[in-house]
Amino acid sequence: MTDADTTASAVRDRVRDAHLDFLDAVAAAGRVTAASWDAPHTPDRDVVVDRFERVLRETGTLDATPGVLATAVDAAGGHLQADPVPSPPYVAVTAEGVVLRATTDVGRVVVTVAPFAVERDPVRYVHRDLDGDDPGLVDVAVHG
């Protein structure tokens, strides 16, 4: 295991311990979004992103992202260069989920909370019915 892997694991654990409510809210927003589809998947990226982002905003979940990102950066041993806000470049809502990212003095920290998966050939977006405490919901990368 590399230092980056060890750091990513520490970040993932800290985020899961400190922000289970946030992870549960993202998972719930994923379920609400998928419930609006006509099938268990959709070929339309915009159907996923637009509805998912709207649910995240309506529930106040996006407002929690700066605190989650600050926790992740702290767990990585870094310091934020500026106060994060719940919008780009710190937060992006994608067809897979919510991506939190920051450039710090220890490198780039990226946390993805992904209630959706992209399948290829044909391209379609699938809901992954995960709870906040499911280890597959959160992916972390730390690039030095």
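The listed residues are Val93, Val32, and the only one of them that is over 15 Å from Arg12 (Cα atoms), in contact with a Leu (Cβ under 8 Å, 6 or more places away or on another chain) and at pLDDT 95 or above turns out to be Val93. With respect to (1) at positive phi; (2) touching a strand residue (DSSP E or B) at 6+ places or on another chain (Cβ under 6 Å); (3) at pLDDT 95 or above, the lone exception for Gly60 is condition (2). The requirement of being free of Cβ contacts under 8 Å to residues at least 40 places away in the same chain, closer than 16 Å to Asp139 by Cβ and open to solvent by 50 Å² or more (accessible area, probe 1.4 Å) is fulfilled nowhere in segment 13-30; no residue meets it. No other residue among Asp46, Asp38 is more than 14 Å from the chain's Cα centre (by Cα) and assigned to a helix (DSSP H, G or I) apart from Asp46.
For segment 85-129, a residue qualifies if it is hydrophobic (A, V, I, L, M, F, W, C), under 22 Å from Asp74 (Cβ atoms), open to solvent by 10 Å² or more (accessible area, probe 1.4 Å) and part of a strand (DSSP E or B), and the qualifying residues are Ala92, Val99, Val110. Screening Asp46 against (1) without any contact (Cβ under 8 Å) to a residue 40 or more places away in the chain; (2) crowded, with 17+ Cβ neighbours inside 10 Å leaves a single unmet condition, (2).
A search for C-beta distances below 6 Å between a residue of segment 66-80 that is closer than 10 Å to Val11 by Cα and any residue that is open to solvent by 40 Å² or more (accessible area, probe 1.4 Å) and of a type in the set (A, V, I, L, M, F, W, C), counting only pairs 6+ apart in sequence or on different chains, returns Thr71/Ala18; Val73/Leu80; Ala75/Ala10; Ala76/Val106; Gly77/Val106.
The values are calculated or read from the model by the stated rules, or taken from the named source; none is laboratory data. All figures in this text were calculated on a predicted structure; none of them were measured in a lab. Reconstructed Cβ throughout: ideal geometry from the backbone, glycine too, with neighbour counts over all protein chains shown. Quick note on the areas: whole protein, heavy atoms, side chains included, nothing else; ligands and nucleic acids left out. Shrake-Rupley method; radii C 1.70, N 1.55, O 1.52, S 1.80 Å.
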